[in-house]
């Protein structure tokens, strides 16, 4: 059974290691885990860390160049930039890598005579480079939107006029518009203004874990109405405040499936085990027992079957829903 992971930060690890002289990081360190975990395809994001927001474009370029160099040397990864790539490579044994963006603060520094021109120029170039996904903000309130984790009292919340322009650009290019990391105000602004598909690549159910990064039942229903997907997130903070376990994550799967159907459910694991070596204060202090890394994904599939999901439903959740969504958007 194949798995499609709609959210991975492994690009950060690759870039940081290559900058220190390491090579073939994907093949040496990430491929073995992904392969054992049955991960066939993964949406990897470029994420500009909080400490680099004052030089966000330089950091984006740094990560992009190092990652592309590593993937170019890889025997076990292929980058899917177009629909044709996706179809041609779907049966290959290599891991299929799709390109995404987690936070767009760097676009404010792009070339252009106005902010609107910078956005348009950035999206056009990124689209040519094979990106098909973006989240407007990451744990911040930037020039586009207010995200979860933003400083309290920073107003106005929601999308700015530039944020509206950004989602307009994404819709024209048939990108995945991702609402994970959006606060409630920005979520509903996006929902009102987007005619097409929405996804939450790595979020769980707030009814089971009351965290702002998770989605209310009304938000889950809104994504379903937009023919979108919710990617189950394995990060412990979003699974349970007291006892984050593999089985508790399955509770989120059951809740979402019962509410909106298995056709709107996927995986967006957000594994952070490879950040342990770095001074990055993300995900420190806990783990989801039984699902600490990609190695344990087969255990999740087995437990879902034990909890009543049929094989057909699990195949759809683990791979089919994400693949069909990307196929639909990238084909346009």
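With respect to residue 202, determine if the residue is crowded, with 20+ Cβ neighbours inside 10 Å and in a loop (DSSP other than H, G, I, E, B). Full working, then the answer.
On the way: crowded, with 20+ Cβ neighbours inside 10 Å: yes; in a loop (DSSP other than H, G, I, E, B): yes.
Here the answer is yes, as residue 202 does meet what is asked.
Could you give every pair whose Cβ atoms fall below 8 Å, whose first residue belongs to the stretch 184-198 and is on the phi > 0 side of the Ramachandran plot and surrounded by fewer than 18 Cβ atoms within 10 Å (Cβ to Cβ), and whose second residue is assigned to a helix (DSSP H, G or I) and modelled with pLDDT under 95, counting only separations of at least 6 or pairs across chains?
From residues that are on the phi > 0 side of the Ramachandran plot and surrounded by fewer than 18 Cβ atoms within 10 Å (Cβ to Cβ), there are no pairs.
The rows are residues; the columns are (1) under 27 Å from residue 81 (Cα atoms); (2) touching a helix residue (DSSP H, G or I) at 6+ places or on another chain (Cβ under 7 Å); (3) surrounded by fewer than 14 Cβ atoms within 10 Å (Cβ to Cβ).
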position	(1), (2), (3)
254	no, no, no
265	yes, yes, no
298	no, no, no
314	yes, yes, no
317	yes, yes, no
332	yes, no, yes
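Tell me which residues, restricted to the stretch 33-52, are in a helix (DSSP H, G or I), surrounded by fewer than 22 Cβ atoms within 10 Å (Cβ to Cβ) and in contact (Cβ under 8 Å) with a residue 12 or more places away in the chain.
Within the stretch 33-52, the subset in a helix (DSSP H, G or I) is 33-36, 50-52.
Among the residues that remain, those that are also surrounded by fewer than 22 Cβ atoms within 10 Å (Cβ to Cβ) are: 33, 35-36, 50-52.
Residues satisfying the conditions are 33, 35, 36, 50.
Check whether at least one residue in the stretch 171-181 is free of Cβ contacts under 8 Å to residues at least 12 places away in the same chain, touching a helix residue (DSSP H, G or I) at 6+ places or on another chain (Cβ under 9 Å), surrounded by fewer than 23 Cβ atoms within 10 Å (Cβ to Cβ) and in a helix (DSSP H, G or I), and report yes or no.
The first filter runs over the stretch 171-181 and keeps only residues free of Cβ contacts under 8 Å to residues at least 12 places away in the same chain, leaving 172.
Keeping just the survivors that are touching a helix residue (DSSP H, G or I) at 6+ places or on another chain (Cβ under 9 Å) gives 172.
From the residues that got through so far, the ones that are surrounded by fewer than 23 Cβ atoms within 10 Å (Cβ to Cβ) too are 172.
Among the residues that remain, those that are also in a helix (DSSP H, G or I) are: 172.
Looking through the stretch 171-181, at least one residue is free of Cβ contacts under 8 Å to residues at least 12 places away in the same chain, touching a helix residue (DSSP H, G or I) at 6+ places or on another chain (Cβ under 9 Å), surrounded by fewer than 23 Cβ atoms within 10 Å (Cβ to Cβ) and in a helix (DSSP H, G or I).
Suppose we filter 122, 150, 69, 134 for residues that are within 24 Å of residue 12 (Cα to Cα), touching a strand residue (DSSP E or B) at 6+ places or on another chain (Cβ under 6 Å) and either modelled with pLDDT of 95 or more or in a helix (DSSP H, G or I) (or both); which single one remains?
134
Among 207, 234, which is the only one that is in a loop (DSSP other than H, G, I, E, B), modelled with pLDDT of 95 or more, more than 18 Å from the chain's Cα centre (by Cα) and closer than 21 Å to residue 149 by Cβ?
207
Mind listing whichever residues of the stretch 101-119 are assigned to a loop (DSSP other than H, G, I, E, B) and more than 20 Å from the chain's Cα centre (by Cα)?
Passing the criteria: 110, 111, 112, 113, 114.
Within the stretch 86-100, take every residue that is part of a helix (DSSP H, G or I) and either touching a helix residue (DSSP H, G or I) at 6+ places or on another chain (Cβ under 9 Å) or touching a residue at least 60 places away in the same chain (Cβ under 8 Å) (or both) and give me the one that is surrounded by the fewest Cβ atoms within 10 Å (Cβ to Cβ). Spell out how you get there, then give the answer.
First pass over the stretch 86-100, keeping only residues part of a helix (DSSP H, G or I): 86-89.
Still in the list and also either touching a helix residue (DSSP H, G or I) at 6+ places or on another chain (Cβ under 9 Å) or touching a residue at least 60 places away in the same chain (Cβ under 8 Å) (or both): 86-87.
Numbers: 86: 19, 87: 13.
Ranking the candidates gives 87 first.
Please indicate, with yes or no, whether at least one residue in the stretch 53-61 is under 23 Å from residue 138 (Cβ atoms), at pLDDT below 95, touching a helix residue (DSSP H, G or I) at 6+ places or on another chain (Cβ under 9 Å) and assigned to a helix (DSSP H, G or I).
Looking for residues that are under 23 Å from residue 138 (Cβ atoms), at pLDDT below 95, touching a helix residue (DSSP H, G or I) at 6+ places or on another chain (Cβ under 9 Å) and assigned to a helix (DSSP H, G or I), one finds at least one in the stretch 53-61, hence yes.
Taking residue 330 and the conditions (1) at pLDDT below 95; (2) more than 26 Å from residue 79 (Cβ to Cβ); (3) touching a strand residue (DSSP E or B) at 6+ places or on another chain (Cβ under 9 Å), which numbered condition does it fall short on, given that it satisfies the others?
All conditions are met except number (2).
Just checking, how many residues over the stretch 210-231 are in a loop (DSSP other than H, G, I, E, B) and buried (at least 20 other Cβ atoms within 10 Å of the Cβ)?
3
The values are calculated or read from the model by the stated rules, or taken from the named source; none is laboratory data. Just so you know, these numbers come straight off a predicted model, no measurement behind them. Don't worry about glycine lacking a Cβ; one is built from the backbone with ideal geometry, like all the others, and counts go over all protein chains shown.
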